[in-house]
Amino acid sequence: MSLAIGILGTGAYLPERVLTNADLEKLVDTSDQWIRERTGIRERRVAGPDEDVATMGIAACRQALAHAGIDGSELRYLVVGSNTSNYMYPAIAIRIQHGLGLDDKLAAFDLQAGCSGFNYALYVAENLIKNEGGYALVVGTDTNTRMLDFTDRSTCILFGDGAGAVVIGPTDRSRLLASFLASSYNGKLYLKTEFSELNSPFLPKPTPVNNYMYMDGPEIFKFAVRAVQESLRRILAQAGMTREEIDFLIIHQANYRILETGARFAKMPMDKVYVNVDRYGNTSAASIPIALHEALMEGKIKKNHKVILISFGAGVTWAATALEWLS
Ligand code: UT7
């Protein structure tokens, strides 16, 4: 009998530099108490001068490959979800491919789906190898701190940098049960880069230049709560599961209050909902794979556990995956 497609190994990379709420108190008019009460965040990580989305992704991929116990030469695809590349091209995925010494050995490309980037990349990679065989690396990596306005207290306190990766393919370690992707236009969270307008002799020059992320926090909060609820309903129906059958829940780490809402809706205690938003803030596309890696390493996901991964983000996008950890 042929093996189902599942996750064989996971990895994560978090930069060393820690940015605490106390550090942010020195930059903007905020307080540790406000940030903790409204978001649950205590600190986040900031990529160093020699790091970027590709270097962080390479580190996460190396760990995922070692955990999976497969050699890079067995990979057919490398799909990266990210929103914060420092190069418009080449793709982050191709820079990771090169860093892993896999030039000519696989096809690598990026996709952009806000903080749902990892779930999107997982869906695409699963369907590619379902048809074509072999293994794939799926990565979420973001350097959010390079896109933030550190004079805007409503956004700069929320985000951090990091990367996570998984290896998928035919395996008896876990199996992917169901997944879906969804999107809809909503202009309440965006980053409109004006660099292209600055360079073009055919466009009026923007003044002032604004290359920072903008977010209407309360509006995105309302969307996020709806997205988590709809995602739960939809993925359970698709996987033929009931709420009672969920053993562990991983929700995009945007705000502790959103995680609590998701737990209430799923009727699950918070100890079955992964939380690292306190340590890393919102790492966008990296959030789900970092959480999955840590939950596995901490033994929170156990043999025969059914796990749901839910993400939501700019676009807006939302997506979910159901999987079963078998060994
Ligand atoms: O991955 C993308 C998804 N993003 C999200 O999921 C983010 C969703 N949104 C949120 O997490 C929350 O909306 C925020 C954390 C961004 C804001 O929390 P909130 O409870 O919705 O606060 P608010 O924006 O309604 O602001 C309440 C008050 C305001 O003051 P006034 O107008 O009531 O006097 C803000 O100016 O808090 C003020 N405020 C702050 N005060 C201290 C906003 N940011 C800060 C701050 N420190 N950093």
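Derivation of every value follows stated rules applied to the coordinates shown; laboratory data play no part. All figures in this text were calculated on a predicted structure; none of them were measured in a lab. Here Cβ is always computed from backbone atoms with ideal geometry, including for glycine, and neighbour counts include all displayed protein chains.
If you restrict to DSSP beta bridges whose two residues both lie in the chain, what percentage is antiparallel, to the nearest 5? Provide the component values of the computation, followed by the final result.
Working: 41 of 59 bridges.
Given both bridge residues lie in the chain, the antiparallel proportion sits at roughly 70 percent.
A Gaussian network model of the chain, with springs between Cα atoms under 10 Å, assigns the largest mean-square fluctuation among Cys61, Cys156, Cys115 to Cys156.
Assuming charge only on the beta carbon of Lys and Arg (+1) and of Asp and Glu (-1), the dipole of the chain about its Cα centre is about 820 debye to the nearest 20.
Provide the percentage of antiparallel DSSP beta bridges, counting only those with both residues in segment 24-161; round to the nearest 5.
Numbers: 1 of 13 bridges.
Beta bridges within segment 24-161, antiparallel portion: roughly 10 percent.
Positive end of the dipole of the chain (Cβ unit charges, origin at the Cα centre): among Val139, Pro170, Val228, the Cα lying farthest that way belongs to Val228.
Among the DSSP helices (H) of the chain, those spanning at least 18 angstrom by Cα along their long axis with an average Kyte-Doolittle hydropathy of 0.5 or more are 53-68; this is a geometric and hydropathy rule only.
Working note: 222 nm ellipticity from helices only, DSSP H runs with n ≥ 4, each -39,500 (n - 2.57), summed and divided by the residues of the chain, gives -10000 deg cm²/dmol to the nearest 500. Within the listed set Ser284, Ser231, Ser184, the Gaussian network model of the chain (springs between alpha-carbon atoms below 10 Å) gives the highest mean-square fluctuation for Ser184. Springs join every pair of Cα atoms under 10 Å in this Gaussian network model of the chain, and among Pro170, Pro289, Pro49 the largest mean-square fluctuation is at Pro49. Close amide H contacts of Ala178 (hydrogens built in the peptide plane, cut-off under 5 Å, sequence separation of 5 or more or a different chain): Ala322.
The lysines within cross-link reach of Lys267, meaning a Cα-to-Cα straight distance under 19 Å and a gap of 8 or more places when in the same chain, are Lys300, Lys306.
Each pair of Cα atoms in the chain enters the Kirkwood radius, and Stokes-Einstein at 10 °C and 1.306 mPa s then converts it into a translational diffusion coefficient of 80 µm²/s. If you take the Cα centroid of segment 60-128 and the Cα centroid of segment 215-270, the two points sit 27 Å apart.
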